[in-house]
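Presented below is the structure to which this report refers.
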Amino acid sequence: MARIRPLPTLRESFDMNRREKLKQIFGTLPTPVRKVIVLVFGGTVLIIGVAMIFLPGPAMLIIPLGLTILSLEFIWARVLLKKTKAMAHNAALKAG
């Protein structure tokens, strides 16, 4: 039987980065359930961001947010997020 870990104290939560905090909170869920939750939520945010390319809205903020959510559980999303960050950095350098 899986042991349920206690939630971190306030001081500990300031010391952890966001990914570690989310992993600790969602760590008590079974892996398939956790992956489905992340896939549905992150996929929805990503699809909304892609739709905002054609519709009015902050697509360049929402798409990386969706990839960040997906990268909590999926390596392909983490790789795509790194490539997106590199492209954004290069574009910012070219813009001045």
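FYI, it's all coordinate maths here, none of it is from the lab. Since the structure is predicted, the reported quantities are computational estimates derived from the model, not experimental observations. In this analysis, Cβ positions are derived from the backbone assuming ideal geometry, glycine residues included, and neighbour counts consider all displayed protein chains.
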Additional length obtainable on full extension of the chain from residue 35 to residue 75, 0.36 nm per residue less Cα span: 13.2 nm
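Translational diffusion coefficient of segment 12-76 at 10 °C, 1.306 mPa s, Stokes-Einstein with Kirkwood Rh over Cα pairs, in µm²/s as a whole number.
125 µm²/s
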Highest average packing first - 20-26, 82-88, Cβ atoms within 10 Å: 20-26, 82-88
Cα→Cβ-extended label distance, 7 Å offset, between residue 60 and residue 87, nm: 1.3 nm
Rounded FRET efficiency, nearest 0.05, which uses the C-beta distance separating residue 17 from residue 44 and R0 of 35 Å: 0.90
